[in-house]
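The values are calculated or read from the model by the stated rules, or taken from the named source; none is laboratory data. Quantities reported herein were computed from a predicted structural model and do not represent experimental measurements. With ideal geometry, Cβ positions are generated from the backbone for all residues, glycine too; neighbour counts draw on all protein chains shown. Ligands, DNA and RNA are excluded from the accessible area calculation, which covers all protein heavy atoms including side chains. Shrake-Rupley method; radii C 1.70, N 1.55, O 1.52, S 1.80 Å.
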Amino acid sequence: MISILIADDHPMVREGLEAMLESEEGFKVVALASDGFDAVRLYSVNRPDIVLSDVRMPGLDGFGMLADIRGEYPNAKVLLLAGMPLKEEERRAREGGARGYLPKNVDQDRLTEAIRKIAADDGCFVCEEFQSAPSPLTVRELDVLRHLAKGLQRDQIAEQLGIGPESVKTHMKGLMNKLDCPNAAAAVAKAFESGILRV
C-alpha cells in the first residue's frame, strides 16, 4: 500500500485528487494539507511514502515545503504538480531533490504510474516533455509589471524607469493584452500564478 499526502490550497483540487487516488488499488491518502506549512507538519506526523504537492501555494510554496521536508527527512519522496509547467521550475524541482514535476492536467493513468514508479525507484525523476515557454512580455513590459506588483502608480513607474507616463501607459496596455487581463491588478495576479513574476 502506497501512502500519500496531498498538498494544495484549493479544497476542490485536494478532494478531487484524494477521490481519484483512493479509487486506485494500492493507494491510501493519509493526509490533506492546505499549504506548505501544513504539509511539513503533517509529513512529520504521518510519514507518507509520497507527497503530492502543488507548486504554487500561499505562505510556503511547493519548493519551500520540499526544502523543509527534505531538510529533516532526506529520503522523502515529493512529486510536484504545476498548473502552468515551466522548464525553469522543472530544473528547480530536480535540484531541490523532488522525484517528479508534472502538469496538473496530467491524466489519471499517467499520475498513478508516476506515483508507483517513484515509490518503487529511489533514483527516478518523473516529468513530461514540454516546450519551455518564454515570457511573452518584452523586457520593458516586464519592468513595468514588476513595479506594478510593488504597488506603484503610473507616474511613479515613469519616474523610476526614466520614461514618460504615456510610455508606461502603452507598456501597461501591451502587457494586459498579452496576459489577457482587464486591468493591472489582474495582470499582476496572473503573472505570479504563471511564474512570470516570483514572490
ask   = How much accessible surface does Lys87 have with a 1.4 Å probe, in Å² rounded to 10?
value = 70
query = Which lysines have a Cα less than 27 Å from the Cα of Lys28, not counting those fewer than 8 places away in the same chain?
reply = Lys77, Lys104, Lys117
Euclidean distance between Cα centres, segment 14-49 to segment 91-123, Å = 15
query = So how long is each side of the chain along the principal axes, counting just the alpha-carbon atoms, biggest first, in Å?
reply = 63, 30, 30
task = Hey, can you grab everything whose amide H is under 5 Å from the amide H of Leu197? Only 5+ residues off in sequence or another chain; H modelled, so Pro and N-termini drop out.
result = Phe192
remark   = In order over segment 20-34: 3J(HN,Hα) from phi, Karplus 6.51/-1.76/1.60, θ = phi - 60°, whole Hz, x for each Gly or Pro, gives 5, 6, 5, 6, 8, 5, x, 10, 9, 7, 9, 7, 10, 10, 9
Segment 35-191, dipole about Cα centre (Lys/Arg Cβ +1, Asp/Glu Cβ -1), debye to the nearest 20 = 240
request  = Excluding residues fewer than 8 places away in the same chain, name every one of the aspartates and glutamates whose C-alpha is closer than 19 Å to that of Lys150.
outcome  = Glu141, Glu159, Glu193
query = If you roll a 1.4 Å probe over the chain with all protein chains in place, what percent of the accessible area is carbon or sulfur?
reply = 50
query = When ligands, DNA and RNA are left out and all protein chains stay put, how many square angstrom of accessible area per residue does the chain have with a 1.4 Å probe?
reply = 52
task = Please list the non-local residues whose amide H lies under 5 Å from the amide H of Ala7, H modeled 1.01 Å from N, same-chain partners needing a gap of 5 or more.
result = Ala33, Leu52, Ser53, Asp54
Summed residue charge, Cβ within 11 Å of Ala67's Cβ, Lys/Arg positive, Asp/Glu negative = -2
remark   = Once normalised by the length of segment 89-199, the mean sequence separation of its alpha carbon contacts under 8 Å that are 6 or more apart gives a contact order in percent of 19
